[in-house]
């Protein structure tokens with residue numbers, strides 16, 4: 001596993017329970033492209049260790065979750081972390097900035 005990939009996955013563990021990050025935010029933090037971050041999330045083999053469900057699109061939309069799971073699964077996980085979802089979007093107050 002590349003050092004950058006591992007660093008991004010480990011970063012997911014630092015996101016507070018009541019917050020989410022966007023692919024763009026993480027990409028800027030690690031000097032990479034948002035699609036590279038999305039690829040890392042999509043291929044995450046340990047979602048229980050590295051909570052990839054905590055990453056949303058730049059438009060705050062809830063998209064696919066980990067290897068083709070329906071957005072419903074991602075929404076359930078986010079709501080368990082006290083994140084408010086309305087119309088398949090995360091409320092702005094829950095975004096890391």
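The values are calculated or read from the model by the stated rules, or taken from the named source; none is laboratory data. Just so you know, these numbers come straight off a predicted model, no measurement behind them. Cβ placement follows ideal geometry from the backbone for every residue including glycine, while neighbour counts extend to all protein chains displayed.
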Worksheet item: Do you know which residues across the stretch 19-39 are within 10 Å of the chain's Cα centre (by Cα) and more than 18 Å from residue 89 (Cα to Cα)?
Response: 26, 37
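For residue 76, indicate whether it is at pLDDT below 95, outside any loop (DSSP other than H, G, I, E, B), surrounded by fewer than 15 Cβ atoms within 10 Å (Cβ to Cβ) and out of contact with any strand residue (DSSP E or B) (no Cβ under 9 Å at 6 or more places or on another chain).
Answer is yes for this residue.
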Worksheet item: Can we say residue 16 is more than 10 Å from the chain's Cα centre (by Cα) and loosely packed, with under 13 Cβ neighbours inside 10 Å?
Response: yes
Practice prompt. Determine whether the stretch 83-92 contains at least one residue that is part of a helix (DSSP H, G or I), over 14 Å from the mean Cα position of the chain (by Cα) and either in contact (Cβ under 8 Å) with a residue 12 or more places away in the chain or surrounded by fewer than 16 Cβ atoms within 10 Å (Cβ to Cβ) (or both).
Written response: yes
Discussion item. So for the stretch 57-72 (the condition being crowded, with 19+ Cβ neighbours inside 10 Å, touching a strand residue (DSSP E or B) at 6+ places or on another chain (Cβ under 8 Å) and not in a loop (DSSP other than H, G, I, E, B)), does at least one residue qualify?
Written reply: no
